[in-house]
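Here's the structure we're looking at; comments come further down.
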Amino acid sequence: MERKTITKEKVVGMQVIDGDARLIGVVKDVSFAVGESRMYLVVELKDGKIQEFPWEDIQAAGDFVLLRAKPKFETLTPTPTAAPTQAPAAQAQTLCPTCGKPLTYIQQYKRWYCYNEQKYV
């Protein structure tokens, strides 16, 4: 069997897919357990939390990282996030279909509002 190696630089930034072909997150770093010969992938999950997966849970790595079966989700370190007052970054590009001006996301109503047209879109 041919030995296949992969560098940290190649792994960092790869998408991580679970055994059910669902996107879990993105590799942020590689870590090692002191006193052990174990390696972990540090993955930022879709919800912004950080999770470490032992290398034994990795089935393959190429264009993306494929995990074996269903991994256990034990969040190790939460990533600090600010409470958004408006919608995600897509809001800067969301324009009113009528007038073409930027829309504002109103969290309370979970809808986009055009101040120029004075109506919800």
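The values are calculated or read from the model by the stated rules, or taken from the named source; none is laboratory data. Computed from a predicted model, the values in this text were never measured in an experiment. Heads up, the Cβs are rebuilt from the backbone with ideal geometry, glycines too, and the neighbour counts pull from every protein chain shown.
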Selected residue (criterion: modelled with the highest pLDDT) from residues of region 20-48 that are within 18 Å of ILE6 (Cα to Cα) and assigned to a loop (DSSP other than H, G, I, E, B): ARG38
- request: Please enumerate the residues belonging to region 1-19 that are farther than 12 Å from LEU41 by Cβ and in a loop (DSSP other than H, G, I, E, B).
  value: MET1, GLU2, ARG3, LYS4, THR5, THR7, ASP18, GLY19
statement: Output for Cβ contacts, cut-off 7 Å, separation at least six or different chains, first residue free of Cβ contacts under 8 Å to residues at least 12 places away in the same chain and assigned by TED's automatic domain parsing to the domain that holds LEU45 in region 11-33, second exposed (fewer than 12 other Cβ atoms within 10 Å of the Cβ) and assigned to a strand (DSSP E or B), reads none
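Residues are listed down the side, and each one gets a yes or a no for (1) buried (at least 16 other Cβ atoms within 10 Å of the Cβ); (2) at pLDDT 90 or above:
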{"position": "ILE50", "(1), (2)": "yes, yes"}
{"position": "ILE58", "(1), (2)": "yes, no"}
{"position": "GLY62", "(1), (2)": "no, no"}
{"position": "PRO71", "(1), (2)": "yes, no"}
{"position": "GLU74", "(1), (2)": "no, no"}
{"position": "CYS114", "(1), (2)": "yes, no"}
